[in-house]
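Shown next, in structure tokens, is the structure this report addresses.
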Amino acid sequence: MLFTFSANALFSQEKATFSGKITDSLSGDALESVQIGIFGAKNPLGAYTNKYGSFSVQVPAGIPLEIRFSILNYETKTLTLTFSANEKKNLNILLSQKIKELQGVNIVDEASREKGITHISPTKLSDLVGPNESVESLIKTLPGVVSQNELSSQYSVRGGSFDENLVYINDIEIYRPFLVRAAEQEGLSVINPDMVERIDFSSGGFDATYGDKMSSVLDIAYRKPEKFGGKVSGSLLGFSAYVEGLIKEKFSFNLGFRRRSNEYILNSLPTKGNYKPVFTDFQGYLTYKISEKSDISFLGIYSRNKYKMIPETSTTDFGNYLQQMRLTVYFDGQEIDDYETMIGALTYAYRPTDKTLLKFILSAYQTRENELYDIEGQYFLYQLEEGSSTGQKTEYEKGVGSYFNHARNYLNANVISIEHKGLQSTDNGNWRWGFKYQHEYINDKISEWTMVDSAGYTIPNDAAGFIPGENNDPVPPELQDVIKAKNIVSSNRISGFAQKNWTWEMADTSSMGLIAGIRFQYWDFNNQFLPSPRASYYFKPHWRKDFLFRFATGVYSQSPFYREYRDNQGVIHDDIRAQNSYHFVGSSDFNFRMWSRPFKLTTELYYKYITNLIPYEIDNMRIRYAAENSGRGYATGIDVRLNGEFVEGIESWASMTIMQTQEDIDGDGKGYLPRPTDQRFMFKLFFQDYIPGLPWIKMSLNFTYGTGLPFTQPQTKAIGRLPDYMRVDWGTSFRLKGKNAKWAQNNFFKYLQEVWLYFDIYNLFQNKNVASYIWVSDYDNRYYAVPNYLTPFQLNVRLTIDF
């Protein structure tokens, strides 16, 4: 049963009247349906402006009240007022359209609706429930985004791979580690959610200002603080803290520290052993105002993910009612993975006039990755049957085998770039341009192999283990999947863009706009020059209903990065070419009111056609590329998202995706087959609620359902599908101290803004979701797919303190 929320009761007998008018700060137009939320009384109050922008509401007198004015596409304004008994106070409120901050310059943001960008409030991050507390986990609740591993921050969008997603922090492009092969090793996302001010996301059809990847853009802005504050939080999974402030109106700092260990979660997995995962990062965003026309900023990130595992045993039950099986593996050895990443970026912004912004960015990225393991496993495959007298299951041995996995992999990568971006405002739109030079240096040493008792984890069919020969000797085990390589690659890339947007107002007050631009890139590794034109058009008709329609198209050419041109044997392919994706996106969004509250319905139809495709396979979180342009493919579907105040005062949303993505590989004679990310249907729900009369207690629910992803049977190459994925995470939170708590006004707690205690339940219904399969065979050489299960039901406790 869902909670309901009431905001009608007043606890004070003494009242006052608060009224006024709310208008747009630029145009002066009255704003209808602005929500006025009043907090600080026993129960929250609320009101909305009428079509003239006016409002009037009775409020309790004699206590400090926090009053928030909010509406979609406008900045929220907050006032703290105390009213006298029977007072009648009238205020005129100005609200500004949501803005994008570019190093101290505020530019009116055409983005959200006209550019097809999904804007998400960072305040939702603390309410999201799940074992991976990251910005990416919030992105996974959006339509078109596929991820079936809750421990990972990686995701695919509309049929693309993990490597097809652009991620920016304050205009700096972010890279993911190269060697990570399992979600357990990933650790912390590079984005610190405590430091985030803005989250913008596009799942396709984005404009030329963004870079050269084929699927999506996640654009993150870290906060430039205006006052001192901070936050400390801790849970069974780790600890984090951040502090921010402003010194003499010139220097601001935003600093964050995180330390996390997934040992609590990993100990719930079928593989038992000694897990020692430690993930640490420190980040800083510093700004200094040189003059009224210029400022400088620095973004620094250091992170280290160290994963140590000494496995002992693993027991997995699988099969169906007619045939129940069990795989038991006894391990010896250990795995140690170490990923160290450093990012530094210096940005100088200069504004020669009020309409011109020039930015110069120098950035450096370095990663040092070590992957070391020697793990020996002895497995036993059993068939289970019910015991005749005890009722317990009896094990009948069906097969045995052993294997040995070895790796000594070392990778160092450095990326250094110099970039210029510019913006020139005009009476009818803006010009934007940019130019970037990037140098890459990669030093990679690979040494890995697998030894099994015979191909595919089977024992020899000959019972004695002999094959007739000259001396009738036993056949020694053979090394398989052997990769021995040393690669050093040094290359340079040049890229740039130019873009102009136009807007027109029609006589009937309809409006329309056009954004047109072109990117170019050149890579001296394969001497390929690539132009990428892009354009989008929107139309907002003069209807009683608030609709906006948009169409976007363009060429998205993704020049390969290191993993895409190194094949499974470690060989570098210098004849590799860029993959090209042609986007066609038609969308509509509709702002409306339901239950006297604001809602938004967004619908997108899309088709992507891909040429020069580089095929790949996904093994847990590791992508294995064929390192050749040997195919073509497509992705098509529909995304729908409904967001709004299902419960008054807090935002929730539901999203649905229907999609198909396929590829045709040259020479295989099979025609079009599903790509590894072909998830046909997804439904997601992020919902929040309050307990009636107790607004300091709230709940959050994160529900995900998706049809199974494709997999390939390694022996027959037949394509099957994993079981459907379904997961429910539930959280209940208690506000122990609020901003206006009377009991805390004369003690230490007055320095604390808010204190929240969270109780989270992961995988509420204990669904046994499957990440992948291990293939083993019995004595009769019949193969069985043994599932790798994801995380089961678990509890977590979190405490956050804002000051």
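The values are calculated or read from the model by the stated rules, or taken from the named source; none is laboratory data. Just so it is clear, the structure is predicted and the values come from calculations on it, not from any experiment. Neighbour counts run over all protein chains shown; Cβ positions are idealised from the backbone, glycine included. Each accessible area value is taken on the protein alone, full model and side chains, heavy atoms only, with ligands, DNA and RNA left out. Shrake-Rupley method; radii C 1.70, N 1.55, O 1.52, S 1.80 Å.
For a quick check of your reading of the model, give me the residue pairs whose first member lies in the range 748-766 and is free of Cβ contacts under 8 Å to residues at least 12 places away in the same chain, whose second is buried (at least 16 other Cβ atoms within 10 Å of the Cβ), with beta-carbon atoms closer than 9 Å and at least 6 apart or on different chains.
Hits for this filter: Lys750/Ala741; Lys750/Ala744.
Under the condition of being part of a loop (DSSP other than H, G, I, E, B) and among the polar types (S, T, N, Q), which residue from the range 40-94 is nearest to Gly693 (Cα to Cα)?
Asn43
Looking only at the range 624-642, count how many residues are crowded, with 20+ Cβ neighbours inside 10 Å, closer than 28 Å to Ala183 by Cβ and not small (Gly, Ala, Ser).
3
I'd like to verify a number: residues in the range 28-39 that are closer than 17 Å to Glu648 by Cβ and either touching a Lys or Arg at 6+ places or on another chain (Cβ under 7 Å) or assigned to a loop (DSSP other than H, G, I, E, B) (or both), how many?
3
Please identify the pairs in which a residue from the range 245-256 that is in a loop (DSSP other than H, G, I, E, B) has its Cβ atom under 8 Å from the Cβ atom of a residue that is open to solvent by 10 Å² or more (accessible area, probe 1.4 Å), counting only partners at least 6 apart or on another chain.
Between residues of the range 245-256 that are in a loop (DSSP other than H, G, I, E, B) and residues that are open to solvent by 10 Å² or more (accessible area, probe 1.4 Å), the close pairs are Glu249/Lys289; Lys250/Tyr288; Lys250/Lys289.
With respect to Tyr609, determine if the residue is without any contact (Cβ under 8 Å) to a residue 40 or more places away in the chain and among the hydroxyl-bearing types (Ser, Thr, Tyr). Show your work before the answer.
Working: without any contact (Cβ under 8 Å) to a residue 40 or more places away in the chain: yes; among the hydroxyl-bearing types (Ser, Thr, Tyr): yes.
Criteria met by Tyr609.
Cβ contacts < 7 Å: first residue under 16 Å from Asn629 (Cα atoms), restricted to the range 664-675; second residue polar (S, T, N, Q) and assigned to a loop (DSSP other than H, G, I, E, B), any location; separation 6+ or different chain. Result?
If the second residue must be polar (S, T, N, Q) and assigned to a loop (DSSP other than H, G, I, E, B), the pairs left are Ile665/Ser630; Asp666/Ser630.
With (1) open to solvent by less than 50 Å² (accessible area, probe 1.4 Å); (2) hydroxyl-bearing (Ser, Thr, Tyr); (3) not in a strand (DSSP E or B) as the list, and Thr280 as the residue in question, which single condition is left unmet?
(3)
Can Gly230 be described as surrounded by fewer than 21 Cβ atoms within 10 Å (Cβ to Cβ), closer than 30 Å to Tyr762 by Cα and more than 22 Å from the chain's Cα centre (by Cα)?
Yes.
Could you list, in sequence order, all residues of the range 601-631 that are at pLDDT below 95, assigned to a strand (DSSP E or B) and of a type in the set (D, E, K, R)?
Listed by number, the residues that qualify are Glu617, Asp619, Arg622, Arg624.
When the range 172-221 is examined, which residues are found to be surrounded by 23 or more Cβ atoms within 10 Å (Cβ to Cβ) and hydroxyl-bearing (Ser, Thr, Tyr)?
Ser189, Ser203, Ser215, Ser216
Looking at the structure I just gave you, is Leu701 touching a residue at least 24 places away in the same chain (Cβ under 8 Å) and not basic (Lys, Arg)?
yes
Table: residues versus (1) open to solvent by less than 50 Å² (accessible area, probe 1.4 Å); (2) basic (Lys, Arg); (3) in contact (Cβ under 8 Å) with a residue 12 or more places away in the chain.
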{"site": "Ile301", "(1), (2), (3)": "yes, no, yes"}
{"site": "Lys308", "(1), (2), (3)": "no, yes, yes"}
{"site": "Tyr321", "(1), (2), (3)": "no, no, no"}
{"site": "Asp337", "(1), (2), (3)": "yes, no, yes"}
{"site": "Tyr348", "(1), (2), (3)": "no, no, yes"}
{"site": "Phe360", "(1), (2), (3)": "no, no, yes"}
{"site": "Gly377", "(1), (2), (3)": "yes, no, yes"}
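In the range 543-560, what residues are assigned to a strand (DSSP E or B) and either in contact with a Cys (Cβ under 7 Å, 6 or more places away or on another chain) or not β-branched (Val, Ile, Thr) (or both)?
Scanning the range 543-560 gives Asp546, Phe547, Leu548, Phe549, Arg550, Phe551, Ala552, Gly554, Tyr556, Ser557, Gln558.
Identify all residues within the range 154-164 that are surrounded by fewer than 24 Cβ atoms within 10 Å (Cβ to Cβ), of a type outside the set (A, V, I, L, M, F, W, C) and within 11 Å of the chain's Cα centre (by Cα); write none if there are none.
Gln154, Tyr155
Test of understanding: among Glu335, Glu292, which residue is of a type in the set (D, E, K, R) and under 23 Å from Gln185 (Cβ atoms)?
The unique qualifying residue is Glu335.
Leu381: of a type outside the set (Val, Ile, Thr), modelled with pLDDT of 90 or more, assigned to a strand (DSSP E or B) and open to solvent by less than 10 Å² (accessible area, probe 1.4 Å), yes or no?
Working: of a type outside the set (Val, Ile, Thr): yes; modelled with pLDDT of 90 or more: no; assigned to a strand (DSSP E or B): yes; open to solvent by less than 10 Å² (accessible area, probe 1.4 Å): yes.
When the stated conditions are applied, Leu381 does not pass them.
Quick check: is even one residue across the range 696-706 in a loop (DSSP other than H, G, I, E, B) and buried (at least 16 other Cβ atoms within 10 Å of the Cβ)?
Checked the range 696-706: no residue is in a loop (DSSP other than H, G, I, E, B) and buried (at least 16 other Cβ atoms within 10 Å of the Cβ).
More than 30 Å from Lys670 (Cα to Cα), at pLDDT below 85 and not in a strand (DSSP E or B): is that true of Lys750 in this structure?
So Lys750 fits the description; yes.
Run Gln148 past the list (1) closer than 22 Å to Leu266 by Cβ; (2) in a helix (DSSP H, G or I) and report the number of the one that doesn't hold.
(2)
Within the range 261-277, how many residues are under 26 Å from the mean Cα position of the chain (by Cα) and not in a strand (DSSP E or B)?
9
Which numbered condition in (1) in a loop (DSSP other than H, G, I, E, B); (2) open to solvent by 40 Å² or more (accessible area, probe 1.4 Å) is the only one that Asp678 fails?
(2)
For the range 767-794, which positions are closer than 21 Å to Gly130 by Cβ, open to solvent by 40 Å² or more (accessible area, probe 1.4 Å) and in contact (Cβ under 8 Å) with a residue 60 or more places away in the chain?
Of everything in the range 767-794, those that are closer than 21 Å to Gly130 by Cβ, open to solvent by 40 Å² or more (accessible area, probe 1.4 Å) and in contact (Cβ under 8 Å) with a residue 60 or more places away in the chain turn out to be Asn788, Tyr789.
Among the candidates Ala183, Ala208, Ala241, single out the residue that is among the aliphatic types (A, V, I, L, M), closer than 30 Å to Arg408 by Cα and more than 12 Å from the chain's Cα centre (by Cα).
Exactly one of Ala183, Ala208, Ala241 is among the aliphatic types (A, V, I, L, M), closer than 30 Å to Arg408 by Cα and more than 12 Å from the chain's Cα centre (by Cα), namely Ala183.
For Tyr321, which of the numbered conditions (1) more than 24 Å from the chain's Cα centre (by Cα); (2) in a strand (DSSP E or B) fails to hold?
(2)
Any residue in the range 425-439 that is hydroxyl-bearing (Ser, Thr, Tyr) sitting within a Cβ distance under 7 Å of a residue that is open to solvent by less than 30 Å² (accessible area, probe 1.4 Å)? List the pairs, counting only those 6 or more apart or interchain.
Taking only residues 6 or more apart or on different chains, the pairs are Tyr437/Ser417.
Take the conditions aliphatic (A, V, I, L, M) and open to solvent by less than 50 Å² (accessible area, probe 1.4 Å) and apply them to Val797. Does it pass?
No, not satisfied.
So in the range 648-675, with the set limited to residues that are β-branched (Val, Ile, Thr) and within 25 Å of the chain's Cα centre (by Cα), which one is most open to solvent (accessible area, probe 1.4 Å)?
Ile658
Filtering the range 425-461 down to residues that are modelled with pLDDT of 90 or more and under 14 Å from Thr356 (Cβ atoms), which residue is most open to solvent (accessible area, probe 1.4 Å)?
Trp431
Among Phe520, Phe539, Phe529, Phe497, which is the only one that is part of a strand (DSSP E or B), under 30 Å from Phe592 (Cα atoms) and either open to solvent by less than 80 Å² (accessible area, probe 1.4 Å) or without any contact (Cβ under 8 Å) to a residue 24 or more places away in the chain (or both)?
Among Phe520, Phe539, Phe529, Phe497, only Phe539 is part of a strand (DSSP E or B), under 30 Å from Phe592 (Cα atoms) and either open to solvent by less than 80 Å² (accessible area, probe 1.4 Å) or without any contact (Cβ under 8 Å) to a residue 24 or more places away in the chain (or both).
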